[in-house]
1. For helix B:313-331, what angle does its Cα long axis make with the longest principal axis of chain B, in degrees from 0 to 90 and rounded to 10?
2. List the accessible area buried at the contact between B and A, summed over both sides and calculated with a 1.4 Å probe, in Å² to the nearest 100.
3. Restricting to the protein assembly as shown, compute how many DSSP beta bridges are antiparallel as a %, nearest 5.
4. Taking the 0 to 90 degree range and rounding to the nearest ten, how far is the long axis of helix B:389-408 tilted relative to the main principal axis of chain B, both from C-alpha atoms?
5. Within a 10 angstrom radius of each residue's Cβ in B:71-78, how many Cβ atoms of other chains show up on average? Whole number is fine.
6. How big is the dipole moment of the protein assembly as shown about its Cα centre under a simple scheme where the beta carbon of each Lys and Arg is +1, that of each Asp and Glu is -1, and everything else is neutral? Debye, nearest 20, please.
7. Mind listing the lone cysteines of chain B, meaning no other Cys beta-carbon sits under 4.7 Å from theirs?
8. State, as an integer percentage, the relative contact order of the stretch A:192-341 based on alpha-carbon contacts under 8 Å between residues 6 or more apart.
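The values are calculated or read from the model by the stated rules, or taken from the named source; none is laboratory data. Small disclaimer: the values here were computed from a predicted structure and weren't measured. A quick note on method: Cβ atoms are made from the backbone with ideal geometry, for glycine too, and the neighbour counts reach across all protein chains shown. These accessible areas exclude ligands, DNA and RNA; they are computed on the full protein's heavy atoms, side chains included. Shrake-Rupley method; radii C 1.70, N 1.55, O 1.52, S 1.80 Å.
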Amino acid sequence: MADLNQMLKMLGELDDQLVNCMRCGMCQSVCPLFAETGRESDVARGKIALLEFLSHEMLKDAKAVKDRLDKCLLCGSCAAACPSGVKVVDIFLKARAIITAYIGLSPVKKAIFRGMLTKPALFNNLLALGTKFQGFFTSPVNDIIGSSCSKLLSPLLGDRHLLSLADKPLRSIGNLNTAPGKSGLKVAFFYGCVVDKMFTGVGEAILKVFKHHGVGVYMPIDQVCCGVPSLASGDMKSFEDLVRMNLKLFGKGDFDYIITPCGTCTSAFHHVWPLMGTGLSQAERDQIEMLAGKAMDINAFIVDILGVSVVEPAAGAKKVTIHDPCHLKKSLGVSGQVRTVLKANPNLNVVEMSGSDVCCGCGGSFNLQHYSVSTKIGKKKRDSIAATGADIVAAGCPACMMQIADMMSQAGDRVAIKHPVELYAQTLG
Amino acid sequence: MVSQSIKQAFASVVGNDNVMDAEADKHSYSYDAAVLDPVLPSLVVRPTTMEAVGKVVKLCNDNGLPITVRGAGTNLSGGTIPSKGGIVLLTNALDQIIEINEEDMYAVVQTGVITAKFANAVAAKGLFYPPDPGSQAASTLGGNVAENAGGLRGLKYGVTKDYVMGVNFFDVDGNYCKSGSKTVKCVTGLNIPQLMVGSEGTLAVMSEFILKLVPPPQASKAMMAIFPDIMTASRSVSAIIANKVVPCTLEFMDNFTIGAVEGFAKVGLPTDAGSLLLIEVDGHPGQVAEEAEKVEKICQENGCTRLQVAKDAVERNKVWEARRAALSSLARLRPTTVLEDATVPRSKIPAMMEALDKIAKEYKLTIGTFGHAGDGNLHPTILCDRRDTEEFHRVEKGVDAIFAAALELGGTLSGEHGIGLAKSKYMELETNKASVLFSKRLKKALDPNNILNPGKILGD
Ligand SMILES: Cc1cc2nc3c(=O)[nH]c(=O)nc-3n(C[C@H](O)[C@H](O)[C@H](O)COP(=O)(O)OP(=O)(O)OC[C@H]3O[C@@H](n4cnc5c(N)ncnc54)[C@H](O)[C@@H]3O)c2cc1C
Ligand code: SF4
Ligand code: SF4
């Protein structure tokens, strides 16, 4: 474990980024968490100030700073709106790693990240076991959303309305390595944890799109988590382990793009790996740079590369509204393409909700640690969705899909939750 | 440090969750948007009802605890930096819009309502609340009243004070007081609402406001005029107003700011231009067309080298994008941004710009200047690094010189940001000993224990 002085030194290295915050407070206007709590320590300005005070030894209680730093959705809304261009999320990720190194990872997180995520075989077996038995513990509540709740497990899961794990994970398809077809393109498909284990339909839809457009696919099933959840918990070691495992599979880069169905995974390749992989070798860092240049979200790929465009909606088209996931819109700038993907389906009519890019409140493990605030933020999203009267809500991020499903199911809404690519794939023969 | 029993007393008024005394939480309320040293309060309280506000104020007075009200903490003069050992009272839970009256065109609001949310709610009812400080997305109406905030529309529509019809507040003993009225005319008693405007939390804790609303303009036209230097731009400003055209916005940018905006936002500004004006006229469609034409002609006659009139909403937005990007573009250049608001009579803008130029040279500072040319309210923005003590010392000297120059030209210390801690030392320079004494006596009578935001405006 690092000692205090070493930690302060490392925080000091962040100082150049911290001082860019001019304390203008404009981040208050976009922070979904601050909107609920009204507390300065919940918004970027307050957290940055605390880090600065800590690094200058004006504040002694590192644990208290960590608690406040952890209470954040990492949604990046503040960074996207900051007039000074402060790289808020970068600062938070680095600071979490530093403070966690000092204080230590909580035992539960240690078990999850070190014991499970980085040991994919064990993780997958455990989940397979869970899949087998989930029917015994849960009862279905909403057939359109496909959610259920669990009285038996409620001490663990609260009153969440959960989606079931898929009967068979996506990886059960086996390794894929097909040659480019008429498009002349070959892509690597990084499906991400949630699509592998829960939304396998999203993965299948993507494979259908690739097939339809003649795109060759490389999909190794030994791929592991992108590492963002570990990093968000400050667990640098697990993060680096995961990156290395993935680099072994994708590091050769013998494909044109690496495609993901998840804004968080894409921004991990694009942004987080190059930023944080400092403990890795030069050769590994070169591979990371290469991947950063090739990473692309599936919506952007369909529109910008495959050139799919808008068609006229047919009579009787269903109403679909769009939630813009934070990492997809705010860190990757992908939002127009999502609309095009949906408008490429003649059976859909796009209706915009108010605040489509306001965070849904999931924030990964934030939802686990701060379920009640997470729900308050999520309820607002649910209300915006419900107000459109849409039959379907599309969200290009599996984590958002889970959160929205929980919120809509609890409210008793009969609105289907889909990934845009699933809706586009419906149009393909 | 406050005792456990006092903390308990606050908790029984506002609830445990709304009293913060952890070191980390207190640090979160030790600063505001002014570049000044932080001061740690001893307790932060967040009342959720009006009743609780009164009780909190009384508790503070009874125990001699200084009290600093904090809205969004976006002020630029240190107004919400607490007194050592004092209490911070947060108003952001008091955020109800109580009434928007379309017939009589007024609204009743609580102090913690966010300015932009209020303006949107008013617009949704087909009415208009003009004051629009650059911070409106975050600032509170209470903060706006307490600072008498102005915005881009100040020239034609006035500033916050022109929209305050009534203020309800708690006096230092925690008594609930009312002032003003929902009627357009009201001469009942002293003009207390206007006494509260700009009082920066030193006289009372304000709770609710009656605000005037107006009909929105039917049409508007925006344009961007490019000038070879500051003289030609300033001459155009004077000529526009001398020709009896009052644009709703008349904004100015110097060459340095133009370069910064272009470098960051890439909105197509000519970086070789000496300065530019962003102008918008609004009102009845006929009048707008006529005034836009007049403005165009006047600018051309006064040396404007290029003038672009926005043809539609998209182009209009582009014009304002440039202005909105001014502060952010400057702020990205160096770590610390010291934004000032020295204001001079508008005919003195060229002289003020000359003075700024000299100050920048003399103290080796980088200063970008933009601002509200129509009302002479300039924002010289000093770019620096507050960690560099030698440089920051020069900045402080430079700031002194800026205010001295503004006063010399018949201007004022603050067009809109208030005095707070940052400028209290200059108060006598602008007014005189007797005026400061008058204010001190007023303060003493209303707040004998000097607990209401002590040190702000009038110094210690
Ligand atoms: C990026 C940026 C742009 C800005 N642009 C402008 C601009 O265009 N025009 C302009 O005028 N200002 C501007 N400002 C300054 C600032 O936003 C305004 O002064 C604003 O009115 C402050 O509102 P607030 O809610 O943040 O108040 P705070 O900063 O929280 O408080 C300001 C003062 O008001 C007092 N106060 C607040 N509420 C009460 C109450 N209920 N009772 C008694 N006292 C109270 C506080 O004690 C403090 O002294 C800008 C600031 C920033 C950071
Ligand atoms: S918007 Fe940016 S500069 Fe302003 S307070 Fe927030 S993080 Fe700091
Ligand atoms: S990342 Fe999101 S939740 Fe965290 S401070 Fe920024 S806006 Fe708020």
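1. Result, in degrees: 60.
2. Values: alone 20250 and 18260 Å², together 35930 Å².
Buried surface at the B/A interface: approximately 2600 Å².
3. Numbers: 67 of 95 bridges.
So the antiparallel bridges in the protein assembly as shown amount to around 70 percent.
4. On a 0 to 90 degree scale, this one is about 70.
5. Numbers: counts 1, 7, 7, 7, 1, 3, 0, 0.
The per-residue average across the peptide is 3.
6. Values: 93 positive and 91 negative charges, 314 e Å.
Dipole magnitude for the protein assembly as shown comes out near 1500 debye.
7. That list is B:CYS60, B:CYS177, B:CYS186, B:CYS248, B:CYS384.
8. On the way: 153 pairs, mean separation 32.6, N = 150.
Computed over the stretch A:192-341, the figure is 22 percent.
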